[in-house]
Amino acid sequence: MSRDIRSKNIWQLVVLLVAIVVVNMLAGSWFFRMDLTSEKRYSLSENTKDLLVDLEEAIFVKVYLEGDLNVGFSKLSKATYELMNEFRVYGGSNIEFRFIDPAEGTKKEKELVQKEMQELGLSPVPVYEQAEDGRNTTSYFYPYAVVYYNDMQLPLNLLENIKGFSGAENLNKSIESLEFKFTDAIRRVTMDEKPRVAFIEGHGELDDYDVMDITDHLSQYYQVDRGVIGNDPSILDPYKAIIIAKPQSKFSESDKYVIDQYMMNGGRVMWLVDAVNVTLDSLRKARETIGMMADLNIEDQLFKYGVRINPVLIQDIQSAMIPMSVSTGGQPRIVPAPWLYSPLLIPQPDHAISRNMNVVQGEFVSSIDTVNSQLHIKRTVLLRTSRYSKADQVPVFVSLAFVNEKPDQRTFTQSFMPVSVVQEGVFTSVFENRMAPGNISPQPVEIKTQSVPTKMIVVADGDLIRNKVRFKNTNPKILPLGYDELTKQNFGNKDFILNAIHYLCDDAGWMDLRARSYTLRLLDKSKIADQSFFWKMINVLLPLFLVLALGFVVSFYRKYKYMR
């Protein structure tokens with residue numbers, strides 16, 4: 001080799017080394033990532049990035065999805081690991097995490113892990129599967145994570161369990177909601193000051209016991225107050241949102257004015273209103289009753305805001321059960337019976353509030369119409385009835401004896417009636433072209449007739465937010481909101497109320513993370529069963545064949561080249 005060629009090669013090597021060093025220096029100072037997936041499943045939202053960058057102290061996450069997992073939970077574990085890595089990219093040293101296998105380690109170590117999870121209320125999830133040889137197997141997994149920050153610890157359930165969805169669909173929904181769950185947990189543990197929300201009183205609304213479960217859960221995010229409105233027009237100003245839960249008596253004009261001006265100034269309201277006066281408790285005493293239209297004096301106000309709650313009672317074939325006493329052979333016993341006036345409402349999948357949620361149990365529900373189409377507002381239905389439902393006009397006769405009658409499906413012709421809507425935009429005041437009530441103090445100089453952009457949610461069922469209360473020796477026992485004692489399942493009432501209040505109070509767009517959607521790409525199970533051996537052989541033999549073929553080609557080429 002000549003000296004010129006040797007010098008040229010040395011210079012090429014030097015240039016290559018310098019280029020590598022320069023590229024590494026640029027990569028260290030100029031950060032970028034590319035997500036080539038169509039759904040951008042590996043991209044964090046800008047809100048999440050800002051949250052992680054602004055962390056001032058370290059957050060430690062323990063994830064218990066590790067070990068001998070099946071295919072579905074392995075995907076969830078992998079997605080969680082990838083998300084944690086993405087979090088660490090933006091959070092730096094303030095994000096630490098560790099994956100733990102609860103079944104790994106010495107007996108003492110496993111007992112410590114089990115004890116820790118029991119103290120946090122985390123129970124193993126049984127998974128029933130069928131092996132290739134037809135045997136039924138049961139495995140237990142821990143789809144949980146715990147977020148630690150200073151002296152706080154917050155457990156997270158990473159697994160969605162939505163009624164009516166397959167296991168694969170629920171796991172896909174779980175992966176979709178990972179970013180929201182972890183960012184929500186980080187926001188909760190790092191929150192300096194909680195926003196304020198309030199339950200309105202003074203019109204026969206649900207009392208402390210009736211909403212205690214949802215109040216406890218809201219208290220993790222907000223300062224929750226209760227109180228009467230009064231005559232001060234600014235009394236609601238400190239609150240991000242207010243909740244009007246099943247009023248039963250008339251609103252005064254001054255109360256309506258305070259709520260109206262609160263909305264005109266950007267306040268958010270959640271209305272949970274019964275349009276018909278009838279309760280299950282009254283039925284249990286009298287066995288039958290007449291449902292009459294409720295006069296709350298807010299019909300004109302809701303109409304002005306673009307909503308009309310119809311004075312009807314909905315019956316739905318898709319309904320919950322109520323306990324009924326049946327006597328057989330002289331021995332009374334309690335049996336579950338379908339109660340058509342307790343519909344299982346279907347959450348709509350196209351909104352952040354109601355997406356990825358179980359059905360919601362209602363009780364004596366009415367329907368909602370949207371009116372005033374000239375308003376500059378966006379409306380979205382959140383809850384609907386099933387395909388087979390109907391509405392009974394008031395006055396309506398209601399009797400517990402209806403449980404003994406077989407419903408005629410042909411009469412249930414009113415499908416998918418709206419029961420809850422969310423409205424966003426600019427609203428018109430109900431006091432437009434009207435005087436302020438005389439007892440308002442101080443009297444306003446001017447009534448605001450157009451709102452700033454704001455939000456409101458209307459639910460045509462006051463009991464949707466109500467938890468059951470059982471008294472034993474005068475001591476109240478509060479049941480979880482949405483928990484059904486007969487079927488031992490949890491309906492989506494609590495999730496719906498929490499999501500609704502989060503959405504009303506959300507100015508930064510955090511709830512949009514719940515609207516993320518990933519396409520579920522499932523393998524054909526019948527082909528897997530019929531052709532699994534063939535594809536296994538392909539995976540084993542094809543690489544060997546390719547290596548042998550490549551070796552033969554290289555050997556033939558060298559022989560041909562050097563023989564010449």
>> Under 5 Å between amide hydrogens, which residues at least 5 positions from Ser319 or on another chain qualify, with H placed 1.01 Å from N in the peptide plane?
In response: Leu344
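Calculate the dipole size of the chain relative to its Cα centre from +1 charges on Lys and Arg beta carbons and -1 charges on Asp and Glu beta carbons; express the result in debye to the nearest 20.
Details: 64 positive and 69 negative charges, 542 e Å.
Charge dipole, the chain, about its Cα centre: 2600 debye, nearest 20.
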> With charges only on Cβ, +1 for K and R and -1 for D and E, what is the dipole size of segment 157-230 about its Cα centre, in debye, rounded to 20?
Replying inline: 300 debye
> Residue by residue through segment 459-474, which ³J(HN,Hα) values in whole Hz follow from phi under the Karplus form 6.51 cos²θ - 1.76 cosθ + 1.60 (θ = phi - 60°), with glycine and proline marked x?
Replying inline: 10, 8, 6, x, 7, 5, 9, 8, 8, 7, 10, 10, 9, 9, 6, 6
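Evaluate the Kirkwood expression for the hydrodynamic radius of segment 46-190, namely the inverse of the mean inverse distance over all pairs of different C-alpha atoms, and round to one decimal in Å.
Here the Kirkwood hydrodynamic radius works out to 16.2 Å.
Taking other Cβ within 10 Å of each residue's Cβ, how do Tyr388, Tyr562, Tyr257, Tyr341 sort, fewest first?
Least to most surrounded, the residues fall as Tyr562, Tyr388, Tyr341, Tyr257.
For the chain, what is the convex hull volume of its Cα atoms per residue in Å³? Before the final figure, lay out each step's value.
Numbers: hull volume 166.1 nm³, N = 564.
Expressed per residue, the convex hull around the Cα atoms of the chain is 295 Å³.
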> Residues with amide H under 5 Å of Ile59's amide H, sequence separation 5 or more or different chain, H placed in the peptide plane at 1.01 Å from N; which?
Replying inline: Ile95, Glu96
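Using the beta-carbon distance between Lys477 and Thr137 and R0 = 45 Å, what value does 1/(1 + (r/R0)^6) give for FRET efficiency, to the nearest 0.05?
On the way: r = 38 Å, r/R0 = 0.84.
Approximately 0.75, to the nearest 0.05.
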>> Placing +1 on the Cβ of each Lys and Arg and -1 on the Cβ of each Asp and Glu in the chain, which of Ala436, Val189, Gln531 has its Cα farthest towards the positive end of the resulting dipole?
In response: Gln531
>> Checking the cross-link filter: which aspartates and glutamates have an alpha carbon closer than 12 Å to that of Lys378, excluding same-chain neighbours under 8 positions apart?
In response: Glu424
> Quick one: Karplus J couplings for segment 113-127, per residue in order, coefficients 6.51, -1.76, 1.60, θ = phi - 60°, nearest Hz, x for Gly and Pro?
Replying inline: 5, 4, 5, 4, 6, 5, 5, 8, x, 9, 9, x, 9, x, 10
> Pairing the Cα long axis of helix 493-505 with the longest principal axis of the chain, what angle in degrees results, from 0 to 90 and rounded to the nearest 10?
Replying inline: 80 degrees
>> Sorting check: for 60-67, 509-516, 431-438, which peptide has the highest mean count of neighbouring beta carbons within 10 Å, and how do the rest follow?
In response: 60-67, 509-516, 431-438
> When ranked by the protection proxy of mean other Cβ atoms within 10 Å per residue, highest first, what sequence do the peptides 304-310, 541-547, 190-196 form?
Replying inline: 304-310, 190-196, 541-547
>> Under a crude label model (7 Å from the Cα following the beta-carbon direction), how far is Lys163 from Asp506 in nanometres?
In response: 2.4 nm
> Using Cα atoms only, what is the angle between the long axis of helix 178-190 and the major principal axis of the chain, expressed in degrees (0 to 90) to the nearest 10?
Replying inline: 70 degrees
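Please arrange Thr385, Thr411, Thr474 by counting, for each residue, the other beta carbons lying within 10 Å of its beta carbon, fewest first.
Working: Thr385 28, Thr411 10, Thr474 5.
Exposure proxy ranking, most exposed first: Thr474, Thr411, Thr385.
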> Pairs Lys181/Lys240; Lys163/Lys468; Lys62/Lys115; Lys285/Lys406; Lys173/Lys494; Lys108/Lys173: which are spaced more than 25 Å apart, C-alpha to C-alpha?
Replying inline: Lys108/Lys173
> Can you give me the Cα centroid spacing of segment 282-319 and segment 456-499 in angstrom?
Replying inline: 19 Å
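Taking only DSSP H segments of four or more residues, each worth -39500 (n - 2.57), what value at 222 nm results for the chain once the sum is divided by all its residues, to the nearest 500 deg cm²/dmol?
Working: 12 runs with 176 residues, N = 564.
Per the formula, -10000 deg cm²/dmol.
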> Once the piece of chain linking Asp151 and Val228 is laid out straight, how much longer is it, given 0.36 nm per residue of separation minus the C-alpha distance between them?
Replying inline: 24.1 nm
> Sorted from largest down, what three extents in whole angstroms do the Cα atoms of segment 359-516 have along their principal axes?
Replying inline: 60, 44, 44
> Can you tell which of Met25, Leu51, Asn157 lies farthest toward the positive end of the dipole of the chain, using +1 and -1 charges on the Cβ of basic and acidic side chains (Lys, Arg; Asp, Glu)?
Replying inline: Met25
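Once you keep just the Cα pairs under 8 angstrom separated by 6 or more residues, what percentage relative contact order results for segment 62-128?
Details: 39 pairs, mean separation 25.2, N = 67.
Result for segment 62-128 is 38 percent.
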> If you place +1 on the Cβ of every Lys and Arg and -1 on the Cβ of every Asp and Glu, how big does the dipole about the Cα centre of segment 46-190 come out, in debye to the nearest 20?
Replying inline: 300 debye
>> If packing is taken as the average number of other Cβ atoms within 10 Å across a peptide's residues, how do 242-254, 456-468, 139-151 rank, most packed first?
In response: 456-468, 242-254, 139-151
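All of the numbers you see were taken from the coordinates with simple rules; none came from a lab. All figures in this text were calculated on a predicted structure; none of them were measured in a lab. Positions of Cβ are generated from backbone atoms using ideal geometry, with glycine treated the same way; all protein chains shown enter the neighbour counts.
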